[in-house]
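Asks: Sharing a structure, written as structure tokens. Questions coming.
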Amino acid sequence: MGGVARERYERMRESVRALYDRNRQRGHAAWCGYDYDFVCPSMGTYPFQWFWDSCFHTVALSHVDPERARSEVRSLLKNQQPDGFVAHVTFWQREAFEEMLKTYSIAYRTPYLSDCIQPPVLAEAVQAAARGAGGRAFLDEVLPKVRRYFDWLDRVRDPDRDGLIATLQPDESGLDHTPKYDAYLGIAGTDLEDFTAAWERVAGPYATVGRDPEKMFALDRFICEDVLVNTIYGENQRVLGELLESVGDAAGASAMRTRAAHTTEGLVSKCYDAEAGLFFDLAGRREERLRVNTVSSLLPLALPDLPSKVAERIVGHLTDEREYAAPFPVPSVAMNEPSYAPGIVGTKLVWRGPSWMNTNWYLARGLRRHGRAEIARHVEDRSGALVERDGFREYYNPTTGEGNGARDFSWTGVVVDLLGASATE
Ligand code: GLC
């Protein structure tokens, strides 16, 4: 490890450790009879366990407390449903926050579990948590559950069998108010009420069909083969394949690798616009491209099997000062999109411009995977600088670096993994 990079990494580890002590939620839930121990996204606004947040927390915890990394995954999987589904929010301590819940737009499977998915970062989380002593026993414990979850996604969310799973409401992508859905949802401005109304236009009819997935697809209200979700899906099937291989399940590993390749093929053949050099989501049963240039459009760079010509086009956008090469990259919307907004938008609208740590994590690793380590180092360095100057915020202004949204936001702690990459070179 280089001295300066290592010291910087060590300092960040200590900050993340302290953050994760502050945001730790531990207790016993009478409604299911289980104990829980997880890191919540933020004590002020998000006290419950969120799916993809928890996976990022696991990656960060693997640097500071491997045992807690495993508890995080165990808590996430505790309430997996018999069909394999895992909720995007587990409301472990719901009773303590009834007032706050009134402000959320969420569909429920049970009073304690949401009925949505989030990007399936699960295999990457398990891989991070399995490092070190006792890793094999941990894999033996959790892999059957992880496998059942990915089988559920494949069976229930990919009815047209193109290797791409569909989200059925906007918040399932984790990118709640991203402008890429504006036209599809019929939204013109930035009023939170318009987003809530759009959400209800989708969730209302779903409720009338009992939230049966086949019937929700048939309604064709919001079906999105989302590029960010499917990049993460593909990557996690690939990683799950590696994990299955490592425990001697050659058949399972090969099935997962085949599925992962199918997902990359689906993304390249259906979502990639060769003229623009960008990926776009597919909306509705007619699979119409949502042609808005957002960070999703770049995310397939994270896939090691992305053809190198395509990867080069993405790198071109990332390094273009008109689009993504901001002083504090990587903006969640290209800076030359009309909808780009670098700071807080209206009341609590997210994903309309600021830089976020979790997408930086995917892009920096993608840059390294495609032989662009020097640009990756730049993204890692700037990511570290954001936290060093303004703390662990939910998102940051790409031009000024100013932090916004929730304070002490936990997944921003994944910055420790970004700094670890250059510290270990
Ligand atoms: C917001 C984000 C979502 C995240 C949640 C909890 O809804 O858009 O991605 O999971 O907050 O942090």
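Asks: Alpha carbon centre of the range 69-131 versus the range 161-187: separation in Å?
Replies: Cα centres, the range 69-131 to the range 161-187: 20 Å.
Asks: Determine the relative contact order of the chain: mean sequence separation of Cα pairs under 8 Å and six or more apart, normalised by residue count, in whole percent.
Replies: Relative CO of the chain lands at 16 percent.
Asks: Same structure, new question: At R0 = 45 Å, how high is the FRET efficiency between Asp273 and Ser246 if r is their beta carbon distance? Nearest 0.05 is fine.
Replies: E(calc), rounded to 0.05, equals 0.75.
Asks: Which listed residue (Leu298, Phe217, Gln127) has the Cα farthest towards the positive end of the charge dipole for the chain, taking +1 on Lys and Arg C-beta and -1 on Asp and Glu C-beta about the Cα centre?
Replies: Result: Gln127, furthest along the dipole toward the positive end.
Asks: Does anything in the range 196-229 have its amide N under 15 Å from the 7 Å Cα→Cβ label point of Glu288, and if so which residues?
Replies: Zone members listed by number: 220-225.
Asks: Size of the dipole of the chain about the Cα centre, Lys and Arg at +1 and Asp and Glu at -1 on the beta carbon, nothing else charged, in debye to 20?
Replies: My answer is approximately 560 debye.
Asks: Oh, and also: Could you rank the peptides 85-91, 395-401, 17-23 by their average count of other C-beta atoms within 10 Å per residue, with the highest value first?
Replies: 85-91, 395-401, 17-23
Asks: May I ask which of Lys180/Lys309; Lys102/Lys145; Lys180/Lys215; Lys78/Lys102; Lys102/Lys180 have a Cα-Cα span longer than 29 Å here?
Replies: The answer is Lys102/Lys145.
Asks: Then there's this: How do Arg286, Arg148 line up, fewest other C-beta atoms within 10 Å first?
Replies: By the 10 Å Cβ count, ascending: Arg286, Arg148.
Asks: How big is the gap, in Å, between the Cα center of the range 281-318 and the Cα center of the range 339-418?
Replies: 19 Å
Asks: At a temperature of 10 °C and a viscosity of 1.306 mPa s, determine how fast the range 1-121 diffuses translationally according to Stokes-Einstein, using the Kirkwood radius over alpha-carbon pairs as Rh; express D in µm²/s, rounded to the nearest whole number.
Replies: Diffusion coefficient, whole number: 104 µm²/s.
Asks: Please compute the alpha carbon radius of gyration of the range 220-318, then divide it by the globular-protein estimate 2.2 N^0.38 Å. Two decimals is fine.
Replies: 1.14
Asks: Mind listing the long-range amide H neighbours of Tyr34? Cut-off is under 5 Å, sequence gap 5 or more, other chains count too, H placed in the peptide plane at 1.01 Å from N.
Replies: The list, which skips near neighbours in sequence, is Ala29.
Asks: Across the Cα atoms of the range 293-343, what radius of gyration and what greatest pairwise Cα-Cα distance (Dmax) are found, in Å?
Replies: Spelled out, the Cα radius of gyration and Dmax of the range 293-343 are 11.2, 35 Å.
Asks: Here is a follow-up. So for Trp52, Trp199, fewest C-beta neighbours within 10 Å to most, what's the order?
Replies: Trp199, Trp52
Asks: Let me ask something else. Kindly provide the pair-distance distribution of the chain built from C-alpha pairs, with 20 Å bins from 0 and whole-percent values in order of increasing distance.
Replies: 27, 64, 9, 0
Asks: Here's another thing I want to ask about it. Using per-residue counts of other Cβ atoms within 10 Å, averaged over each peptide, order 374-385, 357-368, 25-36 from highest down.
Replies: With the highest mean Cβ count within 10 Å placed first, the list reads 357-368, 374-385, 25-36.
Asks: Report the GluC sites (Glu not before Pro) located in the range 308-347 that are in a DSSP loop and have at most 12 other Cβ atoms inside 10 Å of their Cβ, or state none.
Replies: Glu321
Asks: Summing -39500 (n - 2.57) over the DSSP H runs of n ≥ 4 in the chain and dividing by its residue number, what mean residue ellipticity at 222 nm do you reach, to the nearest 500 deg cm²/dmol?
Replies: Taking each H run of at least 4 residues, the total per residue is -14500 deg cm²/dmol.
Asks: Points 7 angstrom from Cα along the Cβ direction at Cys32 and Glu99: gap in nanometres?
Replies: Each label point is offset 7 Å from its Cα along the Cβ direction, giving 2.6 nm.
Asks: Whole-Hz ³J(HN,Hα) for each residue in the range 406-415, computed from phi via Karplus 6.51 cos²θ - 1.76 cosθ + 1.60 with θ = phi - 60°, x for glycine and proline: what do you get?
Replies: 3J(HN,Hα) across the range 406-415, in whole Hz: 4, 8, 6, 8, 5, 5, 4, x, 5, 3.
Asks: If you don't mind, another one. Give me the orientation-averaged projected area of the Cα convex hull of the range 71-137, in nm², one decimal.
Replies: 5.7 nm²
A short reminder: the numbers here are calculations on the coordinates, not readings from a lab. What you are looking at is a predicted structure, and each value in this text was computed from that prediction instead of being measured. Heads up, the Cβs are rebuilt from the backbone with ideal geometry, glycines too, and the neighbour counts pull from every protein chain shown.
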